[in-house]
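Novice: Questions regarding the structure given below will be posed in turn.
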């Protein structure tokens, strides 16, 4: 199984975290080893697009919407606080690990910034990504999943916040610019819920995903936050299955100890929604549906792959 959403640099560094843009000996290996110990068989690294200085000239300023000067300033500061990675160093770190025999894929988490995607994709086309996952992190100038901007839920109201968020997710799903929708209902991250489950908004996104040929990511990250459930919600995941939308598995790890986090729980969750297969990516962009293992059958669950020391 692949953990297809993993980051090599956290938003909040720990004492043992390397400086942004530095990939010390054993760093990639630590993620891979932890993922393999939990049943994953490969790791897809998908660093945040907005963190790369290579894209600043086409991405910066998206927060200047005229809607809220306060939100614009907070997003501007957030963006520049995290603008500290380089695409060449990142790709070299992952491809170097692959050359040493590690089961890794090169991906990227692409922020959906309407009106800027064509120029962004032109830059990304110069790099040998195996796949791209897409995310909605910003609704105009609002970083919807940033813990320093949750007051906007109160100002907008939860239902409108969900409407604004899912409108963008649907546009991203139908755009065809990515292969996977990352954490597709991350709007619930901090526990904000509509009074009634927004099935109408789910339907719009599922239909868009089916038309756009994009997969949904099933992620354990929501279990680490106030949402207290994986992404996407059970109802949304069942709707995806009924519509024939494929899935990938993900941890959204930002530290090595989060790689393949609670993957047995995650696979049970996907199987409860009806899934018996998941999407697998190959180097070079190929993809295929492969069986989803039974997490309660140790004979079916992937065994840890024993790696020889690589020296890197």
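Novice: What whole number of Å gives the distance from the Cα centroid of the stretch 152-196 to the Cα centroid of the stretch 22-91?
Specialist: Here the answer is 20 Å between Cα centres.
Novice: As a check on your grasp of the helix formula, calculate [θ] at 222 nm for the chain: sum -39500 (n - 2.57) over DSSP H runs of n ≥ 4, divide by the residue count, round to the nearest 500. Intermediate values should be presented prior to the final figure.
Specialist: Values: 10 runs with 107 residues, N = 312.
Value at 222 nm, helices only, nearest 500: -10500 deg cm²/dmol.
Novice: Once you have the Cα-Cα distance between residue 126 and residue 56, take 0.36 nm times their residue separation minus that, and quote the gain in nm to one decimal. Intermediate values should be presented prior to the final figure.
Specialist: On the way: separation 70, 0.36 × 70 = 25.20 nm, distance 1.60 nm.
Gain on stretching residue 126 to residue 56: 23.6 nm.
Novice: Within the stretch 197-312, what percent of beta bridges assigned by DSSP are antiparallel, to the nearest 5? Could you put the intermediate results ahead of the total?
Specialist: On the way: 6 of 10 bridges.
Roughly 60 percent of the DSSP beta bridges within the stretch 197-312 come out antiparallel.
Novice: Then there is this: If you take every DSSP beta bridge whose two residues both sit in the chain, what share of them, in percent to the nearest 5, is antiparallel? Display every interim value, and only then the final one.
Specialist: On the way: 8 of 33 bridges.
Once the DSSP bridges in the chain are tallied, antiparallel ones form about 25 percent.
Novice: How much of the calculated P(r) for the stretch 31-126 lies past 20 Å, in percent of all Cα pairs? Provide the component values of the computation, followed by the final result.
Specialist: Details: 2170 of 4560 pairs.
Above the 20 Å cut-off, the stretch 31-126 has 48 percent of its Cα pairs.
Novice: Which whole-number percent gives the relative contact order of the chain, counting Cα pairs below 8 Å spaced six or more residues apart?
Specialist: Numbers: 583 pairs, mean separation 70.3, N = 312.
Normalised by residue count, the contact order of the chain is 23 percent.
Novice: Sticking with this one: So what's the projected area for the chain, the Cα convex hull averaged over all directions, in nm²? List each step's numbers first, then the result.
Specialist: Numbers: hull surface 60.3 nm².
Value for the chain: 15.1 nm².
Novice: Next up: With only alpha-carbon atoms in the gyration tensor, what are the semi-axes of the equivalent ellipsoid for the stretch 151-233, in Å, largest first?
Specialist: On the way: eigenvalues 88, 47, 21 Å².
Values for the stretch 151-233, descending: 21, 15, 10 Å.
Novice: Same structure, new question: Report Rg/Rh for the stretch 225-292, rounded to two decimals, where Rg is the Cα radius of gyration and Rh the Kirkwood radius.
Specialist: Working: Rg = 12.8 Å, Rh = 13.1 Å.
Rounded to two decimals, Rg over Rh is 0.98.
Novice: Distance from the Cα centre of the stretch 95-145 to that of the stretch 231-278, in angstrom?
Specialist: What the calculation gives is 20 Å, centre to centre.
Novice: So how much slack lies between residue 76 and residue 100, counting 0.36 nm per residue of separation and subtracting their Cα-Cα distance, in nm? It would help to have the intermediate numbers written out before the result.
Specialist: Working: separation 24, 0.36 × 24 = 8.64 nm, distance 3.86 nm.
Here the segment from residue 76 to residue 100 would lengthen by 4.8 nm.
Bear in mind that the values in this text are calculations on the coordinates, not laboratory data. Fair warning: this is a prediction, and the values are worked out from it, not measured in the lab.
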